[in-house]
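Peer 1: Right, I'll just put the structure down here and ask away after.
Quick note: the coordinates plus some simple rules give every number you see, no bench work behind them. Quick caveat: nothing in here was measured; it's all calculated off a predicted structure. Counting neighbours? That spans all protein chains shown, and the Cβs are built from the backbone with ideal geometry, glycine included.
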Amino acid sequence: MHKLDLAGTWQLQETGHTETISGELPGCNYLDLVNAGKIEDPFWGLNETTATKIAEKDFIYSRKFTIDDALLQEDLVELVIAGLDTLATLKLNGSEIARCENAHRIYHIPIKQQLIKGENELTLYFSSPLPYIRARNKENPLFAIGMAENAAHIRKPQCHFGWDWGPNLAPVGIHGGIAIEGYSKARMTNLAIEQKHKDGQVELVVCIDCERFGDFSEALVLNYSLVGPDGKTQSKSVPLEKEHACFIIQVEQPKLWWCNGLGEQPLYNLSIDLVEARHEKEPLNTLTRKIGLRTIRLDNYPDQWGRNFRFVVNDVPIFAKGGNWIPSDSFVTRTTREDLDFYIKSARNANMNMLRVWGGGYYESDTFYELCDEYGILIWQDLTYACAEYPLSDPDFLDNVKLEVIDNVRRLRHHASLALWCGNNEIKLMSMSFKKPRQKSHDDFFYNTLKEWVAAEDDQTPYWSSSPSSSAPEIKANSLNDGDTHLWHVWHGLQPLESFRNYPTRFCSEFGVESLPNMQTIRSFTDAEKPTIFDPVMQLHQKSVGGNEKMLFYVLSKYRNPSTLKSFIYLSQLIQSETVRMATEFWRRNSGRCNGAIYWQYNDCWPVASWAGIDYQKQFKAVQYRARHFNKMVCVSAEMHKNDADVSVINDLPSGFSGTLRWRLVDFSGNIINTQSQDVNIDKNRAVKIETIDFKQHLGVFNKQDAALILELLDASGKVISTQSNLLVADKEASLQKPNFKTGLSVDGEKASLSIQADTFTRFAYVEIEGVHTPLSDNFIDIEGGKTINLTFTMPKGVNVSDLQDKVNILSMADVDYTGTLLQDKLWRLKTRFTKNNLFFWFVFKFLI
């Protein structure tokens, strides 16, 4: 086999123009135009408005390359392109070799006849997607929401045309790889691995498809090696008698792969060489896979509430905790492996065990899934359909998407992290707006046809028809008793944050509240001296209709109106984190009925106000920091009421937990008003209410406004493994005092430690250190009066500890300055609730969903 990688420098030209600029593939026209100084950064200021027009134009990528005799002498020579985005005519040395129209495909284009020895030229003619989709929509109008242009007719990431968190910037280019590959005599074309687990043993059934070229009929052999996580190797030769062959590998002393929180992630390396039986020379070609030994199933069986929706890993039921993954960048090729490692590792550190890859974006890169395998993050994989009708009566469309399914299921099915194939995002929920025949065609496609296509390539990974949906098409989507739910009654429906307690879902795969990104990220798109949330630039970087108004609506539900943008950022992130925490803990306290909380959304694709927990500059918001606590495998949780608190202990472990629950009521100076403790014993995969703490009974002469409830859970050795603190009244009603802090910094190698002591109870201390842009070990922390906490962080290179001594800034709830009156706050909320758009969504979520 020979391979010529064509990644690198290309020439880019707008059709109809003679000027060319240097470009990069993989890459896209927007990045190349910015790098050449032809357009301004689309993310800065109001630039998106003009940059959108780039998508109306056609572009040409071309490059020259040299071919030698060795490649020309191969029996088969192909141009292999992954992620060709999207409407492209390909010419090699002036001859047309392909017309492509699916950004999710992996194209294998025979090109031997068009190649010549020496210099060759490959040209990629990209047509604008906009005239295409407009013409198709004129012929066959389709219902869709979310996109500036209804792009359901085109197999391109739907979010390229705008979403309620993303810009309307539709690039052309390549987001996968591009190379020329040559093969002779024979090659392997398909590798499938089935795992059979029984009585602690694991058997791998490995199946290979082989393609022979010309009249080659010599005997072939498969030489395989399986290298375990401990380095031990099993190897063997297997004769290949036909074009399809299967063999069995009995794994010796198998080590199971577990999702985060349940165990380790040992991985096995399987390598298979195809060789000629009579000539043990260089392999004709080699296929490799890195796998984890595990079983994953979806428990959807009937139970006392309806039908379950619960993932089971190695026969251990789990509560799924995590976020929804969207494309990591509007121009995704500038996302590096280091970027992806940061995101996936951050999910692990936040005690998450699942990310849902949302259906309006991409099937992610190989690197993404490899990192999820390594860090134990399960993947719920939507197929790439979202929020629209699709032209399912068009046979060409169906042929196209079937090939897309084959390409991607074959590419991804071996990953240990792959937990679910899901047909689409929100189409079943939206289908109430479709005409009856189209409702039926979409049900048939997503419940039956697509399921059959996926199962033909991967019958080991569970399939789910739509998110949200129920177990059968006749059952209403978003049922609290069957299937998964998207609960947008909070935010879109403007219901109170606590109303999640009214929705004991089986599994919530979308919910959340927006917040602003961090100031560092805001400064990446505006240099206004005193930006406000209603500035044109800030509004352009807010894609949810009325989103900034809704953020203020929810901020004012718990706090006063902040007088500065910095304070608004802080409060919006607190509202977001408290919403996700309260909802997640409620569902975890009802574990068994509820089995998952995947909040919207985990990340951003550009600098924007959104539901993300990590903003575009990779800055943690409050919810990402606090998820580490409310996602712990064993944790304490209080449901606060006006006059008491119900205290529960949650145990997600597959074994029982024994320890001690200790609580105390303290005043803001740190004095203990009352304290008690008791032993707790919790069965596996259970949550138990331990006691109800009556405030009046235990406070004595103290007022609720002057006290806090501190909960601590200790393991059998006496180590505190989970803590939670709560005020006894709403934050804006508490008699919080501005704290004074004593801080200390020390450094040990690359690791720095920051100690903070507060003289009074400090609510949600947000710590920033100028010049430190990586996450701290914790943040947005409550500190008891007189107590000291310690945070760690990675020291920036070239910085001394003395340089940071005076750069520690701490913002707490008591430090926030407010503007206006309580009456003005109430009137603002009333005005927001009664806007036309908000009234419409209130009605929809109150009565229809």
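Peer 1: Go ahead and collect, in residue order, the members of the stretch 551-578 whose backbone nitrogen is under 17 Å from a label point 7 Å along the Cα-Cβ direction of residue 822.
Peer 2: 556-562
Peer 1: Okay, moving on. Nearest 5 is fine: what % of DSSP beta bridges in the chain come out antiparallel, could you say?
Peer 2: On the way: 166 of 194 bridges.
Looking only at bridges with both residues in the chain, the antiparallel portion is about 85 percent.
Peer 1: More than 17 Å apart: what percent of Cα pairs in the stretch 272-334 qualify?
Peer 2: Every Cα pair in the stretch 272-334 considered, those over 17 Å come to 71 percent.
Peer 1: If you don't mind, another one. Can you tell me the relative contact order of the chain? Whole percent, Cα pairs under 8 Å, sequence separation 6 or more. Intermediate results must be reported in sequence, preceding the final value.
Peer 2: Numbers: 1961 pairs, mean separation 75.9, N = 849.
That works out to 9 percent.
Peer 1: Still on this structure, please answer the following. For every other residue with a beta carbon closer than 11 angstrom to the beta carbon of residue 516, add +1 if it is Lys or Arg and -1 if Asp or Glu, then tell me the sum.
Peer 2: Here the charged neighbours net out to 0.
Peer 1: Let me ask something else about it. So, with +1 on the Cβ of K and R and -1 on the Cβ of D and E, and no other charges, what is the size of the charge dipole of the stretch 279-363 about its Cα centre, to the nearest 20 debye? Don't skip to the end; give the middle numbers.
Peer 2: Values: 13 positive and 9 negative charges, 29 e Å.
For this selection, approximately 140 debye.
Peer 1: Sorted from largest to smallest, which semi-axis lengths in Å does the alpha carbon gyration tensor of the chain give for its equivalent ellipsoid, taking the root of 5 times each eigenvalue? Provide the component values of the computation, followed by the final result.
Peer 2: Values: eigenvalues 459, 209, 145 Å².
Ellipsoid semi-axes (Å, largest first): 48, 32, 27.
Peer 1: Any idea how far apart residue 99 and residue 234 come out in nm if each label point goes 7 Å out from Cα toward Cβ?
Peer 2: Simple spin-label model gives 5.0 nm for this pair.
Peer 1: May I pose another question? Identify the trypsin sites (Lys or Arg not before Pro) of the stretch 271-311 meeting these criteria: DSSP loop state and at most 13 other C-beta atoms within 10 Å of the C-beta.
Peer 2: 278, 281
Peer 1: Tell me, in nm to one decimal, what length is gained between residue 617 and residue 748 on full extension, where the rule is 0.36 nm per residue of separation less the Cα-Cα distance?
Peer 2: Roughly 44.5 nm would be gained on extension.
Peer 1: Expressed as a rounded percentage, what relative contact order does the stretch 518-659 have, with Cα pairs under 8 Å and six or more residues apart?
Peer 2: Worked out over the stretch 518-659, it gives 21 percent.
Peer 1: What lysines sit close enough to residue 642 to cross-link, taking a C-alpha to C-alpha distance under 16 Å and skipping anything fewer than 8 places away on the same chain?
Peer 2: Those lysines meeting the cut-off are 558, 696, 704, 732.
Peer 1: Same structure, new question: Quick check on the chain: helices-only [θ] at 222 nm, where DSSP H runs of length 4 and up contribute -39,500 (n - 2.57) each and the sum goes over total residues. Nearest 500, please.
Peer 2: On the way: 19 runs with 173 residues, N = 849.
About -6000 deg cm²/dmol.
Peer 1: Could you pull out every one of the lysines with an alpha carbon less than 22 Å from that of residue 64, ignoring same-chain neighbours closer than 8 positions?
Peer 2: Excluding near neighbours in sequence, the set is 3, 91, 112, 117.
Peer 1: Report, in listed order, any pair from 751/787; 550/738; 198/451; 156/402; 751/797 with a Cα-Cα distance greater than 18 Å. List each step's numbers first, then the result.
Peer 2: Details: 751/787 23 Å; 550/738 28 Å; 198/451 27 Å; 156/402 15 Å; 751/797 11 Å.
Result: 751/787; 550/738; 198/451 exceed 18 Å.
Peer 1: Same structure, new question: If we sort 216-224, 446-454 on the protection proxy, mean other Cβ atoms within 10 Å, highest first, what's the order? Don't jump to the answer; show the numbers that get you there.
Peer 2: Values: 216-224: 15.4, 446-454: 18.4.
Peptide ranking by packing, descending: 446-454, 216-224.
Peer 1: If each residue of separation counts as 0.36 nm, what is the full-extension length gain between residue 221 and residue 671 once their alpha-carbon separation is subtracted?
Peer 2: Full-extension gain reported as 154.3 nm.
Peer 1: Can I ask one more? Determine which aspartates and glutamates satisfy two conditions relative to residue 435: a Cα distance under 13 Å, and not lying fewer than 8 residues away in the same chain.
Peer 2: Those aspartates and glutamates meeting the cut-off are 389, 443.
Peer 1: Let me spell out the model: positive unit charges on the Cβ of Lys and Arg, negative unit charges on the Cβ of Asp and Glu, origin at the Cα centre of the chain. What dipole size does that give, in debye rounded to 20?
Peer 2: 2400
Peer 1: Roughly how big is the stretch 1-130's charge dipole about its Cα centre, with Cβ charges of +1 (Lys, Arg) and -1 (Asp, Glu), in debye to the nearest 20?
Peer 2: Dipole about the Cα centre, nearest 20: 180 debye.
Peer 1: Which shape class, rounded, prolate or oblate, goes with the stretch 152-263 when its Cα gyration tensor gives a ≥ b ≥ c as root eigenvalues, a/c under 1.5 marks rounded, and past that a/b bigger than b/c marks prolate?
Peer 2: oblate
Peer 1: I would also like to ask the following. Using alpha-carbon pairs under 8 Å, 6+ residues apart, how would you state the relative contact order of the stretch 764-849 in percent?
Peer 2: 31
Peer 1: Please work out the FRET efficiency for the pair residue 717 and residue 459, using the Cβ-Cβ distance as r and a Förster radius of 56 Å; give the result to the nearest 0.05.
Peer 2: 0.80
Peer 1: Same structure, new question: Residue 807: net charge of surrounding residues, Cβ under 14 Å, Lys/Arg +1, Asp/Glu -1, itself excluded?
Peer 2: -4
Peer 1: Taking N as the number of residues in the stretch 298-377, what value does Rg over Cα atoms divided by 2.2 N^0.38 Å take?
Peer 2: For the stretch 298-377, the normalised Cα radius of gyration comes out at 1.29.
Peer 1: Would you calculate the separation in nanometres between label points at residue 686 and residue 197, each defined as 7 Å from the Cα along the Cα-to-beta-carbon direction?
Peer 2: 2.4
Peer 1: Taking 0.36 nm per residue of separation and subtracting the Cα-Cα distance, what length does fully extending residue 345 through residue 777 add? Present the calculation step by step, with values, prior to reporting the outcome.
Peer 2: Numbers: separation 432, 0.36 × 432 = 155.52 nm, distance 1.32 nm.
Stretched out fully, the residue 345 to residue 777 stretch lengthens by 154.2 nm.
Peer 1: Per the Debye formula with a single identical scatterer at each Cα and no solvent contribution, what log10 I(q)/I(0) holds for the stretch 627-707 at q = 0.18, 0.22, 0.26 Å⁻¹?
Peer 2: -0.81, -1.05, -1.24
Peer 1: Hey, rough spin-label estimate for residue 190 and residue 38, points 7 angstrom out along Cα→Cβ, what's it come to in nanometres?
Peer 2: The answer from the label model is 4.1 nm.
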